[in-house]
1. Out of the range 19-36, which residues are in a strand (DSSP E or B) and in contact with an Asp or Glu (Cβ under 8 Å, 6 or more places away or on another chain)?
2. What tally of residues in the range 26-48 results from selecting those that are surrounded by 14 or more Cβ atoms within 10 Å (Cβ to Cβ), at pLDDT below 85 and small (Gly, Ala, Ser)?
3. Name the residues in the range 15-43 that are out of contact with any strand residue (DSSP E or B) (no Cβ under 7 Å at 6 or more places or on another chain) and of a type in the set (A, V, I, L, M, F, W, C), would you?
Amino acid sequence: MREQIGDGPLAKMVRIAMTDPDDELWRYSISVAGHVIAGKAIGALAVK
C-alpha cells in the first residue's frame, strides 16, 4: 500500500520522498496533473 506524503509543488514532494531514512521509495507515489509517478521512478525526478 502506498502512502500520501503531502501536498505541494512537485520538487517539494520529490525531496520529501528522497529523504526517506529507510530509502524505501517503493512506498510512495506522487500524483501530478492526472499522472502518477510511483516508487523508484521518483528517484529519476530528483532535483538538485
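1. Tyr28
2. Here the count works out to 0.
3. Ile16, Met18, Leu25, Trp26, Val32, Ala33, Ala41
The values are calculated or read from the model by the stated rules, or taken from the named source; none is laboratory data. Since we're looking at a predicted model, the values are computed, not measured. Cβ coordinates were reconstructed from backbone atoms using ideal geometry, including for glycine residues, and neighbour counts include every protein chain displayed.
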